[in-house]
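Structure record follows, encoded as structure tokens.
The values are calculated or read from the model by the stated rules, or taken from the named source; none is laboratory data. Predicted model, so just to flag it, every value in this text is computed and none were measured. Using ideal geometry, Cβ is built from the backbone for each residue, glycine included, and neighbour counts are taken over all protein chains shown.
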Amino acid sequence: MVALDGTKIKANASLSANRTQEHIEEEVRKMPAEAGERDGEEDRLFGKDSRGDEIPEELKDRRSRLARLKECHERLAREKEEKIRAQVEMVEKRKAEEEAAGHKQRGRKPKEVAEVLQEEAKSKANVR
């Protein structure tokens, strides 16, 4: 038994999405050729025995990964110190300019150092 109540349901069954048997057979004939082309292209890019998703040589060894993490940690610490120093200088400069002018400057005040420290630090170690 089939009952219709007039409900409209969104679907991807439009007339332009319908395919003829000839069109489907043509697609089936194309697939192996396209797959072969893609395999050849990947072989040229990554080598015959590689898939392209292998771990880079510098990350395969535990010691090299640890050294890279330490390097990132040191770089983030340096960047944090530089950021703090720049922020302190900016705050002091603004304060000195306001004292010299005798009134507060217009515009947004620079962030306090504590606010800058709360911002999340990120390393770009995975970028080659």
Practice problem: Please verify whether region 86-99 includes one or more residues that are closer than 30 Å to V116 by Cβ and in contact (Cβ under 8 Å) with a residue 24 or more places away in the chain. | Solution: yes
Quiz item: Do you know which of the residues in region 35-65 that are small (G, A, S) and in a loop (DSSP other than H, G, I, E, B) is nearest to Q118 (Cα to Cα)?
Solution: G52
Exercise. Output yes when any residue across region 3-15 is among the β-branched types (V, I, T) and not in a helix (DSSP H, G or I), and no when none is.
Key: yes
Self-check item: Conditions (1) under 29 Å from the mean Cα position of the chain (by Cα); (2) surrounded by fewer than 11 Cβ atoms within 10 Å (Cβ to Cβ); (3) at pLDDT below 80; (4) at negative phi: number failed by L15
Solution: (1)
Quiz item: Of everything in region 68-81 that's of a type in the set (D, E, K, R) and surrounded by 11 or more Cβ atoms within 10 Å (Cβ to Cβ), which residue is farthest from Q118 (Cα to Cα)?
Solution: R68
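Per-residue answers, yes or no, for (1) at pLDDT below 80; (2) assigned to a helix (DSSP H, G or I); (3) over 23 Å from the mean Cα position of the chain (by Cα):
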site: A67; (1), (2), (3): no, yes, yes
site: L76; (1), (2), (3): no, yes, no
site: E81; (1), (2), (3): no, yes, yes
site: R85; (1), (2), (3): no, yes, yes
site: K95; (1), (2), (3): no, yes, yes
site: K111; (1), (2), (3): yes, no, yes
Quiz item: surrounded by fewer than 12 Cβ atoms within 10 Å (Cβ to Cβ) and within 30 Å of D39 (Cα to Cα) - does that describe any residue in region 82-96?
Solution: no
